[in-house]
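The block underneath contains the structure these notes are about, expressed in structure tokens.
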Amino acid sequence: DSNFILANAQVRRGFPIVYCSDGFCDLTGFARTEVMQKNCSCRFLYGAETSEPVLQRIEKVLDGKQEFQTEVCFYKKGGAAFWCLLDIMPIKNEKGEVVLFLFSFKDITESRGRSHLGDKKEEKQRSKKPGRSRLWAARRQGRTVLHQLSSQFARRDRSEMKINRNVFENKPSIPEYKVASVQKSRFILLHYSIFKALWDWLILLATFYVAVTVPYNVCFTSTEDSFSAARSTIVSDIAVEMLFILDIILNFRTTYVSQSGQVVYDPRSICIHYVATWFFVDLIAALPFDLLYVFNVTVTSLVHLLKTVRLLRLLRLLQKLDRYSQYSAMVLTLLMSMFALLAHWMACIWYVIGRTELESHDPQTWDIGWLHELGKRLEAPYINNSVGGPSIRSAYIASLYFTLSSLTSVGFGNVCANTDAEKIFSICTMLIGALMHAVVFGNVTAIIQRMYSRRSLYHTRMKDLKDFIRVHRLPQQLKQRLLEYFQTTWSVNNGIDANELLHDFPDELRADVAMHLNKDILQLPIFETASRGCLRSLSLHIKTSFCAPGEYLLRQGDALQANYFVCSGSLEVLKDDMVLAILGKGDLIGADLCSTGQVIKTNADVKALTYCDLQHIGLRGLCEVLQLYPEYASKFNADIRQDLTFNLREGSEME
């Protein structure tokens, strides 16, 4: 919301404006294209009541590159006068040279009108105590803006440029001027770090431990033995609970990848993202039920059942499968682990069915359950269905043997179902086994190829790129630029070439899709008078491009092939190492069309400051469309110079 402009202090001829904020445009009524490259003394704001001595003082201050504050009467584009609190501050580089002027504007028309009767008294107080005046408040506000500029204009060695976390997000009120290194707190954990990878596997092992022990304790541990059984594993159970609680704390300080493919380091955004995704699942799984044993609280079987909610953490396994999808062996190991875990759960259910059948029938007349048969074979028969019988260890091994043999085949008959409940469970087990056998064992390769074909394509292209770099022995700096550009473009479009994808579709449908994809550039004022047919034709010639920090979009003297629209990011226009303009979201750069059809040469360099998302329309395609719509061509040629934020055609600066 700040009303300010930036001017190049290194150009002696007029100190041209290189950037103006949206707030300044709203205050004065001038569009950015009407302000850029004009003299920073803002003569276009002068009027009848503008004080000439003040203007002369401004000129002297600019020549001397000094700070200055004053009140001056300016005029908006519509002719309305307004009183402005003007604050001029020079901005220096690392060498102490003044490279920019910051002009801050504050509308004080209302406050000046209310205090008009006491102006003389206030002037005396202002001259004696400037620190308490509105001018001093403006100075503080200006220094705040300067501090923001300093944080945005941070420099870094060009060979170590990293991605900015504001890439492809909404444009800030002050543009990024120099490529900034990622500012990360020491207490923020990188999600791709080695420690986080090892920690995730530790949590996965703890989750498998819970998935094995909780169903086992619920099914195989009787009420009388539950306390002693819990005592035997209380240390490991509490350790797992502490790991889950610590994992929640770490997740609140762990970076993540946004939908645009960028790493998010902001602690507040990390917290919001975690709460909206996995927090409640992790919180339920981390409830410390085992602390009841520490405080000698009476524990019933209900507590064991409540601990089954920890199995919700297995949903994280799906996240693991996606993260390690490119490692076929890893995916196969996780799938086999899930298969073994399913067999374990079904073994627990098989034992519960046997115990329930045993306890619900008359011990004198009923002895056909699978536990009865197992006890007879092991010479440990049940007495009155409550005493004797096989040990818990033997019963669990027999249960697991039965479920695994039923899941992987039809079983061997040495442990078989005799009662109706056991037979129904056996039928369900064999059906599940047929499904798991077909899915896990029969189609592992096909599943991975179908689920991760896009990722496989990414690794294929990455390998081809690395092979190209190795074969041609490209230097390290050029190699790094190629890899960064490939990774950035892939994160945005996921390797999908829209032009190739839509090539076989009819022109009518392609035009509708192109108009939707390019609606931002087609909404520019220069295209307001174009017919729908003209816009549809133009949309087919618009393409998307990206530019990494430090990369040159155009070089001085190049043949200009297209006009560019900045969708996100910031660029600077340079000539002889001097900044001529700073471009941001919504700016249009290029050149007006030559009537003679001659080649247009660029008059300056255009360099990216951050990762930039651009849309461009080729000049050849633009000329073809304008020839088809001559009624719009004349209007376009008349308006293009006013709508260009910066005209790159050689000779345009003289005109």
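The values are calculated or read from the model by the stated rules, or taken from the named source; none is laboratory data. As the structure is a prediction and not an experimental result, all values here were calculated from the model. Virtual Cβ from ideal backbone geometry, glycine too; neighbours counted across all protein chains shown. Side chains are part of the model used for accessible areas, which takes the heavy atoms of the whole protein and leaves out ligands, DNA and RNA. Shrake-Rupley method; radii C 1.70, N 1.55, O 1.52, S 1.80 Å.
Tell me, which residue of the stretch 606-644 that is in contact with a Ser or Thr (Cβ under 8 Å, 6 or more places away or on another chain) and among the hydroxyl-bearing types (Ser, Thr, Tyr) is surrounded by the fewest Cβ atoms within 10 Å (Cβ to Cβ)?
Filtering the stretch 606-644 for residues that are in contact with a Ser or Thr (Cβ under 8 Å, 6 or more places away or on another chain) and among the hydroxyl-bearing types (Ser, Thr, Tyr), the one surrounded by the fewest Cβ atoms within 10 Å (Cβ to Cβ) comes out as Tyr629.
What pairs come up if the first residue lies in the stretch 191-212 and is at negative phi and of a type in the set (Ser, Thr, Tyr), the second is part of a helix (DSSP H, G or I) and surrounded by 13 or more Cβ atoms within 10 Å (Cβ to Cβ), and their beta carbons are under 7 Å apart, counting only those six or more places apart or on different chains?
Final answer for the pair search is Thr207/Arg313; Thr207/Leu314; Thr207/Arg316; Tyr209/Val240.
Which ones in the stretch 481-514 are in contact with a helix residue (DSSP H, G or I) (Cβ under 8 Å, 6 or more places away or on another chain), under 26 Å from Tyr552 (Cα atoms) and not small (Gly, Ala, Ser)?
Leu482, Leu483, Phe486, Trp490, Asn494
Does the stretch 588-596 contain at least one residue that is outside the structural domain of Ala9 (by the TED database), open to solvent by 20 Å² or more (accessible area, probe 1.4 Å), closer than 20 Å to Ala9 by Cβ and at pLDDT below 85?
No, there is no match, as no residue in the stretch 588-596 is outside the structural domain of Ala9 (by the TED database), open to solvent by 20 Å² or more (accessible area, probe 1.4 Å), closer than 20 Å to Ala9 by Cβ and at pLDDT below 85.
Given the conditions (1) among the small types (Gly, Ala, Ser); (2) open to solvent by less than 50 Å² (accessible area, probe 1.4 Å); (3) at pLDDT 85 or above; (4) under 44 Å from the mean Cα position of the chain (by Cα), report the number of the one that Gly78 does not fulfil.
(2)
Out of the residues in the stretch 325-356 that are under 28 Å from the mean Cα position of the chain (by Cα) and open to solvent by 30 Å² or more (accessible area, probe 1.4 Å), state the one that is modelled with the lowest pLDDT.
Here the answer is Gln326.
Across the stretch 11-30, which residue is surrounded by the fewest Cβ atoms within 10 Å (Cβ to Cβ) among those that are free of Cβ contacts under 8 Å to residues at least 24 places away in the same chain and under 19 Å from Gly79 (Cα atoms)?
Taking the candidates together, the pick is Asp26.
With the condition kept exactly as written, say whether any residue in the stretch 365-383 is modelled with pLDDT of 75 or more, within 50 Å of the chain's Cα centre (by Cα) and either of a type outside the set (D, E, K, R) or assigned to a helix (DSSP H, G or I) (or both).
no
Which numbered condition trips up Ser232, out of (1) out of contact with any Phe, Trp or Tyr (no Cβ under 8 Å at 6 or more places or on another chain); (2) modelled with pLDDT of 80 or more?
Ser232 satisfies all of (1) out of contact with any Phe, Trp or Tyr (no Cβ under 8 Å at 6 or more places or on another chain); (2) modelled with pLDDT of 80 or more except (2).
What about Thr33, is it in contact (Cβ under 8 Å) with a residue 24 or more places away in the chain, outside any strand (DSSP E or B), more than 27 Å from Ile640 (Cβ to Cβ) and not small (Gly, Ala, Ser)?
Here the answer is no, as Thr33 does not meet what is asked.
Would you be able to tell me the number of residues in the stretch 252-279 that are open to solvent by 40 Å² or more (accessible area, probe 1.4 Å), among the aromatic types (Phe, Trp, Tyr) and closer than 27 Å to Tyr485 by Cβ?
Within the stretch 252-279, residues that are open to solvent by 40 Å² or more (accessible area, probe 1.4 Å), among the aromatic types (Phe, Trp, Tyr) and closer than 27 Å to Tyr485 by Cβ number 1.
Just to be sure before I move on: is Ser531 closer than 22 Å to Phe636 by Cα, surrounded by fewer than 19 Cβ atoms within 10 Å (Cβ to Cβ), of a type in the set (Gly, Ala, Ser) and touching a residue at least 40 places away in the same chain (Cβ under 8 Å) in the structure I sent?
Spelling it out, Ser531 is indeed closer than 22 Å to Phe636 by Cα, surrounded by fewer than 19 Cβ atoms within 10 Å (Cβ to Cβ), of a type in the set (Gly, Ala, Ser) and touching a residue at least 40 places away in the same chain (Cβ under 8 Å).
Out of all the residues in the stretch 579-623, which are farther than 21 Å from Pro16 by Cα, in contact (Cβ under 8 Å) with a residue 60 or more places away in the chain and not in a loop (DSSP other than H, G, I, E, B)?
Once the filter is applied, which keeps residues that are farther than 21 Å from Pro16 by Cα, in contact (Cβ under 8 Å) with a residue 60 or more places away in the chain and not in a loop (DSSP other than H, G, I, E, B), the stretch 579-623 yields Cys612, Asp613, Leu614, Gln615, His616, Ile617, Gly618, Gly621, Leu622.
Taking strands (runs of 3 or more DSSP E) that fall entirely within the stretch 508-578, which contain at least 1 residues that are among the β-branched types (Val, Ile, Thr)?
Fully inside the stretch 508-578 and qualifying: 542-547, 562-568, 571-575.
For Gly64, are the conditions met, namely being surrounded by fewer than 15 Cβ atoms within 10 Å (Cβ to Cβ) and either under 19 Å from Glu110 (Cα atoms) or outside the structural domain of Ala9 (by the TED database) (or both)?
no
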